[in-house]
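Just so it is clear, none of the values below were taken in a lab; they were calculated from the coordinates. No experiment lies behind these values; they were computed from the predicted model shown. Because the Cβ atoms are built from the backbone with ideal geometry, glycine has one as well, and the counts that use them run over all protein chains shown.
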Amino acid sequence: MLGLEYFSFAALFSPLFLTFMLLVTAAYFVVIGPLSEKFADAEPVSIGKKIMFVSGMFFLYLAQGGPVSLLGHIMFTFHMTSMALSYLVATPLIMLGIPTWLWRAFDRINPFKKLGFLTKPVVAAVVFNGLFSFYHIPAIHDYVMLHFAVHRLYYIVLFIAAALMWWTLINPLPEKHQASGLAKIGFIFLNMVLLTPACGLIIFSTQPMYATYSDPNTWAKAMGYCVSGDTSALLQTFGGPSFFYGLSTKVDQQLGGIVMKFIQEFIFASMLARVFFRWYKSENKEDDDDIIPTDLSDGSLNRA
């Protein structure tokens with residue numbers, strides 16, 4: 001399917017990255033299990049949190065080391081799917097899977113406390129969406145895709161920026177200052193708006209923007225991130241990325257922008273509904289608490 005049968009197991013599943021992800025996941029279970037007694041405020045971790053962490057690691061591996069990563073070097077649609085899975089799906093799931101007492105331990109040894117301003121809602125939203133949009137400027141994107149060390153570094157920075165962006169909505173440390181429900185709603189809308197220009201330019205472009213997906217020679221070089229050996233053989237065998245799909249490069253590009261925007265809208269709309277109902281419920285509860293029944297305040301109930 002989609003030409004995956006032409007690639008080796010190593011190209012499809014990135015064994016080194018898979019090993020790294022498995023080791024991180026194993027370390028998580030060791031820390032929340034046998035080593036948890038070393039943390040004074042440690043509590044048992046729920047099954048739900050464990051499932052969220054493992055799911056987040058799975059989606060991150062799938063997007064950055066599994067078949068989606070390979071396909072992301074062939075089709076722009078899968079590139080955007082990989083970005084969405086990495087930063088809008090995997091990141092919050094991993095954060096939600098980490099128990100509060102472990103977040104507190106991280107906070108106590110955090111050497112970057114002076115950079116705490118980066119968790120401010122507006123700053124975090126601008127940084128993440130700015131880095132994401134900057135990356136998708138055609139010249140920047142093609143440069144990053146062709147320089148593997150820069151590629152790895154940029155994706156790590158994007159992951160950190162995504163975590164900072166999600167911090168406001170997830171509230172890993174309840175004792176820290178928390179944004180109100182109304183502020184969170186505004187923050188969600190801000191993120192939805194900030195990503196729109198980049199997606200809009202991609203969707204409504206009248207011509208292919210990225211040489212990585214439109215120029216066979218550039219594509220072959222970029223494939224070196226996934227395929228070992230001389231990638232020029234890919235040109236002789238396949239001629240270019242269009243061999244693997246029936247869409248034009250422009251349509252693939254437009255579809256990628258639509259996929260990214262759709263996934264973002266779906267996730268943030270779900271978060272918006274969750275935050276709104278929690279905020280609405282909280283506001284109504286506070287209103288109810290402010291009403292003191294007269295029959296209780298004057299003792300009439302006891303007299304009755």
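In table form, for the structure just shown:
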quantity: Principal-axis tilt of helix 15-32 within the chain, Cα atoms, nearest 10 degrees; calculated: 10 degrees
quantity: ³J(HN,Hα) computed for each position of region 96-111 - Karplus, 6.51 cos²θ - 1.76 cosθ + 1.60, integer Hz, glycine/proline x; calculated: 5, x, 8, x, 4, 5, 6, 4, 5, 5, 4, 5, 5, 9, 5, x
quantity: Calculated SAXS-style log₁₀ I(q)/I(0) at q = 0.10, 0.15 Å⁻¹ - the chain, Debye, Cα scatterers; calculated: -0.65, -1.24
quantity: Region 134-288, Cα convex hull volume normalised per residue, Å³; calculated: 131 Å³
quantity: Crossing angle, helix 148-170 versus the chain [Cα axis fit, 0-90 degrees, rounded to tens]; calculated: 20 degrees
quantity: For the chain, built as a Gaussian network whose Cα springs stay under 10 Å, the top-fluctuating residue of L169, L16, L93; calculated: L16
quantity: Förster radius 22 Å - calculated FRET efficiency between F106 and F17, Cβ distance, rounded to 0.05; calculated: 0.40
quantity: Using alpha-carbon coordinates, inclination of helix 121-135 to the longest axis of the chain, degrees; calculated: 10 degrees
quantity: Gaussian network model of the chain, springs between alpha carbon atoms under 10 Å - residue of A161, A40, A211 with greatest fluctuation; calculated: A40
quantity: Candidate lysines - alpha carbon under 16 Å from K49, same-chain residues fewer than 8 apart omitted; calculated: none
quantity: Under Karplus coefficients 6.51, -1.76 and 1.60, residue-wise ³J(HN,Hα) of region 234-243 in Hz, glycine/proline x; calculated: 5, 5, 5, 7, 10, x, x, x, 5, 4
quantity: Cα lying deepest toward the dipole's positive end in region 1-131, options S69, W101, T25, charges on Cβ; calculated: W101
quantity: Distance violations [Cα-Cα > 24 Å] among K113/K281; K184/K261; K50/K120; K50/K184; K176/K261; calculated: K113/K281; K50/K120; K50/K184; K176/K261
